[in-house]
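In what follows, a single structure is set out as structure tokens and then discussed.
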Amino acid sequence: VGKTTLAAHTATKVRQRFTHGVWWVELTELREGALLTEVVAAAVGVRDQLGRALTEVLVDFLAKRQSLVV
């Protein structure tokens, strides 16, 4: 169907609009939905912080940026 190709092409075309970057998150190997936060965090370079949930750290990181996660 070409969904991945379309997403990659679109991200390439609009990347200059996102001053803090465009990240590709590969989900083909993801077998458990519970691991989604860890996969996205790893793709954008976010690490665990003591005493904070990884989801909270990831949301804070992305909220401060103009970025695209595909």
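Below are the figures for this structure:
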quantity	calculated
FRET E, pair residue 64, residue 1, Förster distance 25 Å, beta-carbon r, rounded to 0.05	0.10
Relative contact order of the chain, defined on C-alpha pairs under 8 angstrom at six or more residues apart (%)	45 percent
Carbon + sulfur, % of accessible area of the chain - ligands and nucleic acids excluded, 1.4 Å	57 percent
Positive-end residue of 10, 55, 69, charge dipole of the chain with Cβ unit charges	10
Length gained when the stretch residue 54-residue 19 is fully extended (0.36 nm per residue, less Cα-Cα span)	10.2 nm
Proximal charge balance of residue 63 [Cβ under 15 Å; K/R count +1, D/E count -1]	+1
Probe 1.4 Å - accessible area at residue 40, Å² to nearest ten	30 Å²
Share of Cα-Cα pairs in the chain lying beyond 14 Å, as whole percent	63 percent
Two-site FRET efficiency, residue 47 against residue 11, from Cβ-Cβ distance with R₀ of 22 Å, rounded to 0.05	0.40
Dipole in debye (nearest 20) - the chain, about Cα centre, beta carbon charges: Lys, Arg +1; Asp, Glu -1	420 debye
Within the chain, helix-based [θ] at 222 nm, where runs of 4 or more DSSP H residues each add -39,500 (n - 2.57), nearest 500	-13000 deg cm²/dmol
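The values are calculated or read from the model by the stated rules, or taken from the named source; none is laboratory data. Computed from a predicted structure; not experimentally measured. We place every Cβ from the backbone using ideal geometry, glycine too, and count neighbours over all the protein chains shown. Side chains included, ligands, DNA and RNA excluded: accessible areas come from the protein's heavy atoms. Shrake-Rupley method; radii C 1.70, N 1.55, O 1.52, S 1.80 Å.
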